[in-house]
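A short worksheet on the structure shown next.
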C-alpha cells in the first residue's frame with residue numbers, strides 16, 4: 001500500500017506541471033546568464049580594440065593587429081566555442097521539451113524570457129482619441145472660416161494669434177520627435193531639422209515679436 005501511494009504521488013499531474021514550470025524557469029534563467037556572459041566577452045574584446053585604436057592614434061604606432069593576435073585572441077575569454085556550444089545545447093533541450101522541437105520558437109522564448117508584450121490597449125486608445133479629435137479639428141476649421149463665427153466672437157484676431165503661437169511648440173515638438181526617430185532607426189535624412197531651423201522657428205519668433213503688440217487690445221487713456 002505504501003508503495004502504491006508513493007507511486008500515485010510521483011505521478012500527480014499537478015506536481016508534475018509545477019515541477020515542469022520550475023524547470024522551465026530555471027532553464028530560461030540559465031540561458032539568460034549564458035547570454036550575459038557572451039555579451040560580457042564581446043564587451044571586453046571591443047574595449048581592447050577601442051583602447052588599442054586610441055593608443056595608435058596618440059602614439060602613431062601600429063600595434064592593434066599584432067597585440068590582438070598575440071595577446072587577446074589567444075586568451076580563454078576571446079574564444080566562444082564552449083559558450084556557444086552550451087547556448088546551442090540549451091536551445092536544443094528547450095526545443096525538445098517545451099516547444100515540441102520548434103527551434104525558432106524556442107530561441108524566441110528563451111531570449112524574451114517567455115514574456116510577450118502586446119499593444120492592443122494603447123492602439124485602441126490612440127485610435128479612440130484620433131477618432132474624437134479629428135472630427136473636432138475639422139469642425140473647428142470649418143466654423144473658423146465662416147463670417148458669423150468671426151463676428152460673434154470678440155477679439156477674434158487676438159485669439160487667432162494666441163492659438164497660432166501655441167501651435168508653434170507643438171509643431172516644433174512633432175518635427176523634433178520625427179528627427180530623433182529617424183536618427184534612432186538610422187535614417188540620415190535631415191529634412192525635419194533643417195525645416196525647423198530655417199522656417200518654423202524664425203517664422204514663430206517673427207510673429208511673436210512683430211504681431212503681438214498689434215493683436216493685443218489696447219486700453220484707452
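The values are calculated or read from the model by the stated rules, or taken from the named source; none is laboratory data. Because the structure is a prediction, the values reported are computed rather than measured. A quick note on method: Cβ atoms are made from the backbone with ideal geometry, for glycine too, and the neighbour counts reach across all protein chains shown.
Kindly provide the set of residues from region 67-83 that are surrounded by 11 or more Cβ atoms within 10 Å (Cβ to Cβ) and out of contact with any helix residue (DSSP H, G or I) (no Cβ under 8 Å at 6 or more places or on another chain), ordered by number.
Correct list: 71, 73, 75, 79.
Here's the yes/no breakdown for (1) modelled with pLDDT of 85 or more; (2) closer than 27 Å to residue 26 by Cα; (3) under 31 Å from the mean Cα position of the chain (by Cα):
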{"position": "89", "(1), (2), (3)": "yes, yes, yes"}
{"position": "95", "(1), (2), (3)": "yes, yes, yes"}
{"position": "98", "(1), (2), (3)": "yes, yes, yes"}
{"position": "102", "(1), (2), (3)": "yes, yes, yes"}
{"position": "110", "(1), (2), (3)": "yes, yes, yes"}
{"position": "113", "(1), (2), (3)": "no, yes, yes"}
{"position": "163", "(1), (2), (3)": "no, no, no"}
{"position": "168", "(1), (2), (3)": "no, no, yes"}
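Does residue 106 fit the bill of being in a loop (DSSP other than H, G, I, E, B), surrounded by 13 or more Cβ atoms within 10 Å (Cβ to Cβ) and assigned by TED's automatic domain parsing to the domain that holds residue 16? Working first, answer last.
Working: in a loop (DSSP other than H, G, I, E, B): no; surrounded by 13 or more Cβ atoms within 10 Å (Cβ to Cβ): yes; assigned by TED's automatic domain parsing to the domain that holds residue 16: yes.
No; evaluated as a whole, the condition is false for this residue.
From the list 140, 127, which residue is more than 30 Å from residue 27 (Cβ to Cβ) and at pLDDT below 85?
140
Of everything in region 48-67, what is over 20 Å from residue 78 (Cβ atoms) and over 35 Å from the mean Cα position of the chain (by Cα)? Give them in sequence order.
If the condition is that a residue be over 20 Å from residue 78 (Cβ atoms) and over 35 Å from the mean Cα position of the chain (by Cα), then 58, 59, 60, 61, 62 are the ones that fit.
Quick test of your reading of the structure: residue 48 fulfils all but one of (1) exposed (fewer than 12 other Cβ atoms within 10 Å of the Cβ); (2) touching a residue at least 24 places away in the same chain (Cβ under 8 Å). Name the failing condition by number.
The single condition residue 48 does not satisfy is (1).
Can you confirm whether region 182-190 contains a residue that is out of contact with any helix residue (DSSP H, G or I) (no Cβ under 8 Å at 6 or more places or on another chain), part of a helix (DSSP H, G or I), under 30 Å from residue 105 (Cα atoms) and at pLDDT below 60?
Yes, there is a match, as at least one residue in region 182-190 is out of contact with any helix residue (DSSP H, G or I) (no Cβ under 8 Å at 6 or more places or on another chain), part of a helix (DSSP H, G or I), under 30 Å from residue 105 (Cα atoms) and at pLDDT below 60.
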